[in-house]
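Worksheet: one structure, shown below.
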Amino acid sequence: MRIKRATKQYEAWLAECTPMVPADLALKHRHMTKGRYAFLRATFYRWAQVWPDVCAELAKAPIVLSIGDLHVENFGSWRDKEGRLAWGVNDFDEAHRLPYTNDLVRLAASAALAIDAGKLALRVRAACDLLLSGYADGLTAGGKPYVLAEGQEWLLAAITSQMRAPAAFWKRLEDLPTAQAPIPASAIRALELLLPEHDLPYRVAHRVAGLGSLGRQRWVALMDWRGGKLAHEAKALAPSAYCWAQASAGPQQLHYQSIISEAVRAPDPFVRIQDNWIVRRLAPDCTRIDLESLAANRDEERLLYAMGWETANVHLGSRPAIQAVLSDLKNRPAEWLHTAVQQMVATITEDWEDWKRDPLDD
């Protein structure tokens, strides 16, 4: 099946799960032509369809509750319930029970494409080795959350540059026009779940963000409270694209709450699931972090190692499977991850070039 047909079929399936925003979907299609890295981020459904065939042996690895759509910009920061700044995986929209190798190959493939796009300066083989070392060390150690005020000063320094412009962050949100279209009552209930005070006045805007989830409804409640601004977002939640790729029948379980509850992390108390909406707080220090916004002198080797370790933090939520994962890792040849990345990058490139020649007409 070619990428255009796969996209049509997936989007038709997704529209049965949750209402879509046609203008945002058209924007996603345009982003998909801009480069292989953006294409990868926007097309997890295609990855879910082709990865088990391209990397058939890896698809037999032990299964854990996985992130699914993992890539090098699916990391961010948040405040835990004690107000500490934490860092880790930022988005679990596509969480599903998968071979542990899925997350590692996708993360490493995204690093390879980010290197090609000039977003990282490492060599691909070095990136693979760093991700794999961090993952194996994290599993062996039983994991440890990234709390940035305690022993992770290098990571705090790397992401702080993005946090120095709160005025620009709030201006981008304040410039969003107030939503004119009817807002689902369930989205309003979800947004009001996080209000710090009952009956606090707010306005709701439609927000365009992300790539993989671009096309789903996103509503953001904007308000002033006790001398400062607040923003809470509700994003539509749907079953993982793996359910579509595997033609899963019957009820399709949503794993978002399970994966964030069971992982080794300092949880964000403002992330909630309500009526199939993901609700979270938005703030300059509570957001996904773009590679281009990191400090120029960031330590990329430590950053990639940390991404591998954080992947282990998430997989450790599947504790009964971890011994089997460690045994499987130990028995794999030295170059397995780099080889798989080469295979998947070739597949992604073929799809991207096909898409550029024949994209969907919106």
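Every read-out reported here was derived from the displayed coordinates using simple, explicitly stated rules and does not represent laboratory data. Computed from a predicted model, the values in this text were never measured in an experiment. Here the Cβ is made from the backbone with ideal geometry for all residues, glycine too, and neighbour counts use every protein chain on show.
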Binning every alpha carbon pair distance of the chain at 10 Å from zero, what are the percents per bin?
5, 25, 35, 27, 8, 1
For the stretch 149-159, Karplus-derived ³J(HN,Hα) couplings (6.51, -1.76, 1.60; θ = phi - 60°; whole Hz; x for glycine and proline) come out as 8, 10, x, 10, 4, 4, 6, 4, 5, 5, 9
Computed E for Met1/Lys34 - FRET, C-beta separation, R0 25 angstrom, nearest 0.05
0.60
Tail beyond 19 Å, pair distance distribution of the stretch 113-170 (Cα, percent):
57
Rounded to the nearest 500, what is the 222 nm mean residue ellipticity of the chain from helices alone, with -39500 (n - 2.57) per DSSP H run of 4+ residues and division by all residues?
-14000 deg cm²/dmol
Amide H of Arg97 versus every other amide H placed in the peptide plane: which residues, excluding those fewer than 5 positions away on the same chain, fall under 5 Å?
Ser66
Work from the charge dipole of the stretch 3-357 (Cβ charges, +1 for Lys and Arg, -1 for Asp and Glu, about the Cα centre) and give the residue of Ala321, Trp13, Pro267 farthest towards its positive end.
Trp13
When only Cα pairs under 8 Å and 6 or more residues apart are kept, what is the percent relative contact order across the chain?
31
Using the structure shown, list the pairs from Lys81/Lys235; Lys60/Lys81; Lys4/Lys235; Lys81/Lys144 with a Cα-Cα distance above 29 Å, or answer none.
Lys60/Lys81
Say R0 is 51 Å: what FRET efficiency, to the nearest 0.05, do Ala168 and Thr339 get from their beta-carbon distance?
0.75
Low-density loop GluC sites (Glu not before Pro), the stretch 18-86, at most 16 other Cβ within 10 Å, DSSP non-H/G/I/E/B, are Glu57, Glu82
FRET E, pair Arg189, Ser327, Förster distance 45 Å, beta-carbon r, rounded to 0.05:
0.45
Based on the inverse mean of 1/r over its pairs of different Cα atoms, what is the Kirkwood hydrodynamic radius of the stretch 252-319, in Å?
14.3
Distances longer than 16 Å among the Cα atoms of the stretch 75-137: what percent of all pairs is that?
60
Once amide H atoms are placed 1.01 Å from N in the peptide plane, what residues at a sequence separation of 5 or more from Thr33, or on another chain, have their amide H within under 5 Å of its amide H?
none
3J(HN,Hα) from dihedral phi, the stretch 332-338, Karplus parametrisation 6.51/-1.76/1.60, rounded to Hz, x for glycine, proline
8, x, 4, 9, 4, 5, 4
Quick check: from the Cα gyration tensor, does the stretch 152-280 come out rounded (a/c under 1.5), prolate or oblate?
oblate
Please identify the longest segment of the chain free of exposed trypsin sites (Lys or Arg not before Pro), where exposed means a DSSP state other than H, G, I, E or B and no more than 14 other Cβ atoms within 10 Å.
227-362
Cut-off under 5 Å, modelled amide H: who pairs with Gln274 long-range:
Val279
Fully extended contour minus Cα-Cα distance, from Asp175 to Glu350, at 0.36 nm per residue
59.1 nm
For the stretch 1-59, count all C-alpha to C-alpha pairs, find those more than 17 Å apart, and express that count as a whole percent of the total.
45
